[in-house]
1. Taking only Cα atoms, what is the 0 to 90° angle, nearest 10, from helix 50-92's long axis to the longest principal axis of the chain?
2. With label points built 7 Å along Cα→Cβ from the Cα atoms of Glu86 and Leu103, find their separation and express it in nm.
3. Which of Gly29, Gly133, Gly69 moves the most in a Gaussian network model of the chain with Cα springs under 10 Å?
4. Relative to the first principal axis of the alpha-carbon coordinates of the chain, what is the inclination of helix 97-108, with its axis defined by its Cα atoms, in degrees from 0 to 90 and to the nearest 10?
5. Just the Kirkwood number for region 97-186, please: inverse of mean 1/r across all distinct Cα pairs, in Å, one decimal.
6. Once label points are set 7 Å from the Cα along Cα→Cβ at both Arg169 and Ala79, what is their separation, rounded to one decimal in nm?
7. Cut-off 10 angstrom, C-alpha nodes, Gaussian network model of the chain. Which of Ser28, Ser130, Ser59 fluctuates the most?
8. Taking the chain as a Gaussian network, Cα atoms linked when under 10 Å apart, which of Pro95, Pro138, Pro168 shows the biggest mean-square fluctuation?
Amino acid sequence: MLTANLIPTSRLAAQRRARRIRAWLAVSGVYGLAAVAGCLGLRAALQNDDAQARTVIVSASQQLEASQGVIARLKAELADVRRRAEAARQITNRPDWSVLLALLSRDRGDELALTNCHLEALDEGGYSLSIGGLSRTPEHITEFTLALERSGVFDRVRLVETVRRATPRGEAVAFSLDCRLGSPAGN
């Protein structure tokens, strides 16, 4: 069975970008802490010489203040990245149903009209898509059903009912399909 990823590539790229930013923030934080530790170690090593030690202490203090400023800025950036990543996660956890609608439109052809589409989340996971429509002949319904199965998007496509109906343009065949996607074990 073919799988279709309904998550837009722009959203996937945003997730990768957020992971890289978090990694760089972590590396920068570690670098800042290493600089502070080096300054403190240098301060301890040079404590005997007062004049030279004061110069080193002043320099280390300035570096420490600069590092603390960098850490504060990185913490703010990290909080912003986390907020954006959470927003992206909320958005990307929702499928893009426009891809499914485009698939239905493409596979429908010119000899078939869809009259209704109903998508429902199932308790056991996945979704149930009920499709209703009209066709001039049963063969077009069969072609549409097979095209949906071949698409690989659905775990199961089942023809529920076909009924002949009179329409203003002559006789037509009404049909209804039940399609399952993302359901456990293709149920």
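Just so it is clear, none of the values below were taken in a lab; they were calculated from the coordinates. These numbers come from a predicted model, not from an experiment. All Cβ positions, even for glycine, are placed from backbone atoms using ideal geometry, and neighbour counts span all protein chains on display.
1. Orientation of helix 50-92: about 10 degrees from the principal axis.
2. A separation of 3.3 nm, rounded to one decimal place.
3. Top of the fluctuation ranking is Gly69.
4. Its long axis makes an angle of about 30 degrees.
5. Values: mean 1/r = 0.0743 Å⁻¹.
The Cα-based Kirkwood calculation yields 13.5 Å.
6. 6.1
7. Among Ser28, Ser130, Ser59, the largest mean-square fluctuation in the Gaussian network model of the chain belongs to Ser59.
8. Evaluated over the chain, the most mobile residue of the options is Pro168.
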